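The values are calculated or read from the model by the stated rules, or taken from the named source; none is laboratory data. Given the structure is predicted, the values throughout are model-derived calculations rather than measurements. Heads up, the Cβs are rebuilt from the backbone with ideal geometry, glycines too, and the neighbour counts pull from every protein chain shown.
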C-alpha cells in the first residue's frame, strides 16, 4: 500500500477525489481541481457497540457518520458524502483495500450524496446511456467491454451511479476505466489471465484497465436491461410495479441502503428510477460464442 506524501486528485463516479492513498485504478485530474470529497488517513476509534463487537465485518452509524470496521483490514468513516477517513491495518493487501473503498465504501458515498448506486454495467450509445443489471458473474463486464471495444463510451462494469436531475431526467455517471474479467472470458479473448492483476486476493476475477478510458461525462439513462439466460432476445418493458421491484433488487450492496438513508428514502429513489427509465428483459445463451450477436442486438435496441 502506498501512502502519498503529496495528495493526488482523481476522478471517480463523476467526482473529484482528493486522496492521501494512491489509486492505480483511477485517472488523475488536473491540479487545481476543487475536490468534491477527500480521503484522509486517520487513527480511528472502535465504532462498534459493545454488544456487536464479535463479527469479522461490521457496518453501522456512529457520531453522525457511516462506518465500516473490517477485522484485519481497515476502519472507515464516511461523513456526508464528502469525507472518507481511513485507518488501514498495517501490512493490509493494497488491492483488496482499494477494492473495498471503490465498492462498498463508495456505495455509501453515493447514497449520502443523493444518488442511487445500481448493480449494473453501463455504456453510452449515441449519447444515451444503457445499463445491464444482473447478479455477479452474469456477464455485465463482458458485455460492457465488448461494446466499449466497438467505440461506445464506457461508464461502468459493475456499479452505475444514477442521479435524478429533475422531475423526469435520470443521469448515469462514469465510474472508472477498469473492468473485472473472469478467467474464461480472458481465455476466450486469447489473453493470459496470469498477466493481469487480481482484483483482490479473495476473487478469481482479473483487473483489466480500459485504455480508452471512460466516457467524458454523464449521459441520460434511457434503458435498464435485465440480463438473463435464454434464447437471444429482448422482452417488452416491465410494468411499473415489476420495474420498481427490479430497481430495489439490483441496488448495489442493497442491504446498506436503508441503513444509510432510511427505508422511505431508499424506496423513493427506486420508485423514481422505475418510473423514469424502462426496465427490459434481455436474454442470451450462456456462452461466449453469441457475444457478437448480443452486442448488435443491444446496439439496435438502444437506438430505437
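Odds and ends about this structure:
- Extreme residue, farthest from residue 285 (Cα to Cα), among residues of the range 120-138 that are touching a residue at least 24 places away in the same chain (Cβ under 8 Å) and surrounded by fewer than 23 Cβ atoms within 10 Å (Cβ to Cβ): 127
- Of residues in the range 145-162 being more than 14 Å from the chain's Cα centre (by Cα) and assigned to a loop (DSSP other than H, G, I, E, B), the one surrounded by the most Cβ atoms within 10 Å (Cβ to Cβ): 152
- Of everything in the range 274-291 that is in contact (Cβ under 8 Å) with a residue 60 or more places away in the chain and within 15 Å of residue 185 (Cα to Cα), the residue that is surrounded by the fewest Cβ atoms within 10 Å (Cβ to Cβ) is 288.
- Some residue of the range 41-56 being crowded, with 19+ Cβ neighbours inside 10 Å and at pLDDT 95 or above: no
- Qualifying residue in the range 146-155 (condition: within 30 Å of residue 73 (Cα to Cα) and modelled with pLDDT of 80 or more): yes
- Filter result for the condition that a residue is touching a strand residue (DSSP E or B) at 6+ places or on another chain (Cβ under 8 Å), assigned by TED's automatic domain parsing to the domain that holds residue 188 and outside any strand (DSSP E or B), over 142, 107: 142
- For the range 75-95, the criterion of being over 25 Å from residue 266 (Cβ atoms) and either part of a helix (DSSP H, G or I) or within 19 Å of the chain's Cα centre (by Cα) (or both) is met by at least one residue.
- Verdict on residue 191 being assigned by TED's automatic domain parsing to the domain that holds residue 288, surrounded by 14 or more Cβ atoms within 10 Å (Cβ to Cβ) and either farther than 30 Å from residue 277 by Cα or over 19 Å from the mean Cα position of the chain (by Cα) (or both): yes
- Test result for residue 68, on the phi > 0 side of the Ramachandran plot, modelled with pLDDT of 95 or more and under 19 Å from the mean Cα position of the chain (by Cα): no
- Sole residue being under 29 Å from residue 206 (Cα atoms) and not assigned by TED's automatic domain parsing to the domain that holds residue 24, chosen from 91, 121, 96: 121
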